[in-house]
Amino acid sequence: MAQTKMTNQEQSLRVDTAAGFRWLQRWEMHDLAAGSLVTRLPENKDWMFSHTQGVYFHEICASDLFKVGFDLEPLDGSMHRTNHAAINPAKWIFEARPDVNAVVHVHPHAVVAVSALKCGILPITPPSFFFQSGVAWVDAEFHFGDEYCKQMVEALGDGKILMIRNHA
């Protein structure tokens, strides 16, 4: 299969996305191979970068990322194991929010613990004050089908953080 030339913007996004995975690993915002970082170029409505399901965050390199169309199929004709729980919500968010170019789905211990609390994030320490507005909540559903992703987008609205209750 013929390779198409990659633009400088695409190469830069690849490198930044791979660095994002390393940063998430460094700050223990990973759960072994679970979770994801899906990115796109600003205003891009054709594809997004994803990673092969089951790869640890610290193993991901720029060359490991691949383009996935908004039909959720890899664009390079390969048989990459796509992570449906990563790319379907990202697709819905990207389509609804032209201002968003990265969707992070992580399971750090503190987030998992807070997701299980009925009260959510309590304003009891200065860092928690940051999370008192702009945080949306949705009940967990583990299939990440279209109806659930639509519900996620509606809950997120113009916020920056979506917490999934009891999602571990």
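Has the range 73-92 got at least one residue that is assigned to a helix (DSSP H, G or I), open to solvent by 20 Å² or more (accessible area, probe 1.4 Å) and free of Cβ contacts under 8 Å to residues at least 60 places away in the same chain?
Among the residues of the range 73-92, at least one is assigned to a helix (DSSP H, G or I), open to solvent by 20 Å² or more (accessible area, probe 1.4 Å) and free of Cβ contacts under 8 Å to residues at least 60 places away in the same chain, which makes the answer yes.
If you check Asp76, Asp71, which single one turns out to be farther than 21 Å from His167 by Cβ and touching a Lys or Arg at 6+ places or on another chain (Cβ under 7 Å)?
Matching residue, one of Asp76, Asp71: Asp76.
Could you list, in sequence order, all residues of the range 44-72 that are open to solvent by 10 Å² or more (accessible area, probe 1.4 Å) and either hydroxyl-bearing (Ser, Thr, Tyr) or touching a residue at least 60 places away in the same chain (Cβ under 8 Å) (or both)?
Of everything in the range 44-72, those that are open to solvent by 10 Å² or more (accessible area, probe 1.4 Å) and either hydroxyl-bearing (Ser, Thr, Tyr) or touching a residue at least 60 places away in the same chain (Cβ under 8 Å) (or both) turn out to be Thr52, Tyr56, Ser63.
Across the range 1-21, which residue is surrounded by the most Cβ atoms within 10 Å (Cβ to Cβ) among those that are within 22 Å of Pro89 (Cβ to Cβ) and among the charged types (D, E, K, R)?
The qualifying residue surrounded by the most Cβ atoms within 10 Å (Cβ to Cβ) is Arg14.
Could you give every pair whose Cβ atoms fall below 9 Å, whose first residue belongs to the range 149-162 and is more than 20 Å from Ile121 (Cα to Cα), and whose second residue is among the basic types (Lys, Arg) and open to solvent by less than 40 Å² (accessible area, probe 1.4 Å), counting only separations of at least 6 or pairs across chains?
Listed pairs, sorted by first residue: Cys149/Lys91; Val153/Arg97.
For every residue, the table says whether it meets (1) assigned to a loop (DSSP other than H, G, I, E, B); (2) out of contact with any strand residue (DSSP E or B) (no Cβ under 7 Å at 6 or more places or on another chain); (3) open to solvent by 60 Å² or more (accessible area, probe 1.4 Å).
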position	(1), (2), (3)
Val100	yes, yes, no
Val103	no, no, no
Val111	no, yes, no
Lys118	yes, yes, yes
Phe129	no, yes, yes
Glu147	no, yes, yes
Asp158	yes, yes, yes
Ile164	no, no, no
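What is the one condition in (1) in contact with a helix residue (DSSP H, G or I) (Cβ under 7 Å, 6 or more places away or on another chain); (2) open to solvent by 70 Å² or more (accessible area, probe 1.4 Å); (3) aromatic (Phe, Trp, Tyr) that Trp137 does not satisfy?
(2)
Which of (1) farther than 20 Å from Pro108 by Cα; (2) aromatic (Phe, Trp, Tyr); (3) modelled with pLDDT under 95 is the odd one out, the single condition Phe57 does not satisfy?
Of the numbered conditions (1) farther than 20 Å from Pro108 by Cα; (2) aromatic (Phe, Trp, Tyr); (3) modelled with pLDDT under 95, the odd one out for Phe57 is (1).
The values are calculated or read from the model by the stated rules, or taken from the named source; none is laboratory data. Because the structure is a prediction, the values reported are computed rather than measured. Virtual Cβ from ideal backbone geometry, glycine too; neighbours counted across all protein chains shown. Accessible surface areas use protein heavy atoms only, side chains included; no ligands, DNA or RNA. Shrake-Rupley method; radii C 1.70, N 1.55, O 1.52, S 1.80 Å.
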